[in-house]
1. Looking at this structure, is GLY338 assigned to a loop (DSSP other than H, G, I, E, B), at positive phi and more than 12 Å from the ligand (Cβ to nearest atom)?
2. Would you call THR250 outside the structural domain of ASP69 (by TED's automatic domain parsing), surrounded by 24 or more Cβ atoms within 10 Å (Cβ to Cβ), touching a strand residue (DSSP E or B) at 6+ places or on another chain (Cβ under 8 Å) and under 27 Å from SER316 (Cβ atoms)?
3. Restricting attention to the stretch 342-351, does a residue exist that is assigned to a helix (DSSP H, G or I) and within 11 Å of the ligand (Cβ to nearest atom)?
4. Could you tell me whether the stretch 358-367 includes any residue that is closer than 19 Å to PHE259 by Cα and touching a residue at least 12 places away in the same chain (Cβ under 8 Å)?
5. Which count do you get for residues in the stretch 206-231 that are within 25 Å of SER87 (Cα to Cα) and assigned to a helix (DSSP H, G or I)?
6. Residue check: is PHE110 in the same structural domain as PHE38 (by TED's automatic domain parsing), closer than 30 Å to LYS45 by Cβ, surrounded by 24 or more Cβ atoms within 10 Å (Cβ to Cβ) and of a type in the set (Phe, Trp, Tyr)?
7. Output the residues belonging to the stretch 219-266 that are more than 16 Å from the ligand (Cβ to nearest atom) and aromatic (Phe, Trp, Tyr).
8. Given the criteria without any contact (Cβ under 8 Å) to a residue 12 or more places away in the chain and open to solvent by 20 Å² or more (accessible area, probe 1.4 Å), does GLU258 qualify?
Amino acid sequence: MVDFTLTDEQKSLRELAHDFAEGEIRPVAWEHDKDGSFPMEVLKKAHEVGLMNTHAPEKFGGAGLGYLDGCIIEEELAWGCSGIQTSLGCNGLASAPVALGGSDEVQAEFFGELTETLKLASFCLTEPDAGSDVSGMRTRAVKVDGGYRLNGSKCFITNGGYADWFTVYAKTDPDAGHRGISAFLVRKDDTVIVDKKEDKMGQRASNTATITFNDTFVPAKYLLGEENKGFKLAMMTLDRTRPGVAAMATGIARSAFEFARDYSKERVQFGVPIAMHQAIQFMIADMATKVHLSRLATWNSAVLLDQGKRNTLESSHAKRFASDSAMEVATDAVQVYGGYGFIKEYPVEKLMRDAKIMQLYEGTSQIQRLVIARETLLPRRVEEPANA
Ligand code: COS
């Protein structure tokens, strides 16, 4: 049976997230965008009301919410500001490999910390010469007594400047391509250097940094999953987080659509509100369709995970379609505003800049198409159940 009716609990979650977005995020969003400052106060409040770390398992002190629940929340918070939501949601990305590959002891330690107090964590995969091509990474982890020594640099790391710990991918067998990568939990210490904070086009409320590991010691128990199996752990993580990115893109698109819809009813040209002109009506209709279909694809990709099924294809469908749609809808919203849309005083200019990163991070739209093509043309190559 296909049923898109939300449960009462999901409706309450949506209401909680929407009220938070309206009351705590939107009032400060344009200010953080302007000066690129980090929204720590918003994060503190979000942690207090339970809107962070929503996937943390119940047995380790978390709310243990499902993937669909998470997407419902993420759409609302990104509707408020996707830059702030990127900061709020980053712990989910960093801790997904912990849930997949951490021992019970390690999960209790790290999820316990995240849920008890406001702590931030980052996911360190990308390197200057290894973006889409993950297996081209150069960061090295060498086995030493009691653990590993880590050396290398990771770039475009969300929350990197504020993280208390990192999920880091490194080569443990440099000659083995993707089969020589392992994943580690790394605590911030003096050997972990935050080199650079990026000055970005959009999502300026989020912190994006370069992190360098200089002979950083990692205890053996902080290896996630098996040695040399880190690539799959990264892919399985992205399968689980791309629905959330698609939900955020849906939130941006919805926000742009609503601004454009309301403006089109107020703005008078040729003696009538521009919403009376068919040229504008068709744009508004296309925006509404894109928001609607983005949400359906997102929910579908999340529900599969909640059912314990593999969702690689569906999460790429959702991420690709919702991200490209967010860019199109935000661009059209600027068009509906006309010349005013290009001015920073009006809200849609920020949304157009914010939307762009959705087509880039957690796998570009081109990488999503690559995954879709492979999953469509070839039989499924991976047999792991979704919750392996
Ligand atoms: N789940 C589990 N295993 C997977 C998987 C998935 N979703 N996708 C691939 N694998 C496995 C494959 O089955 C293969 O396994 P074997 O070693 O047993 O053969 C292995 O991983 C390598 O897969 P593949 O040959 O497809 O790897 P590629 O190097 O061609 O890379 C892409 C595949 C391009 C899809 C991957 O590198 C990718 O997603 N890149 C984008 C990374 C990204 O999103 N970066 C953003 C930064 S994170 S914010």
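The values are calculated or read from the model by the stated rules, or taken from the named source; none is laboratory data. Model, not experiment: these values are computed from the prediction. Using ideal geometry, Cβ is built from the backbone for each residue, glycine included, and neighbour counts are taken over all protein chains shown. Areas reflect the complete protein model, heavy atoms only, side chains present, ligands, DNA and RNA absent. Shrake-Rupley method; radii C 1.70, N 1.55, O 1.52, S 1.80 Å.
1. No: the conditions fail for GLY338.
2. No, not satisfied.
3. no
4. No, the conditions are met nowhere in the stretch 358-367.
5. Summing the residues that are within 25 Å of SER87 (Cα to Cα) and assigned to a helix (DSSP H, G or I) in the stretch 206-231 gives 3.
6. yes
7. TYR222, PHE257, PHE259, TYR263
8. Considered against the rule, which asks whether it is without any contact (Cβ under 8 Å) to a residue 12 or more places away in the chain and open to solvent by 20 Å² or more (accessible area, probe 1.4 Å), GLU258 comes out as yes.
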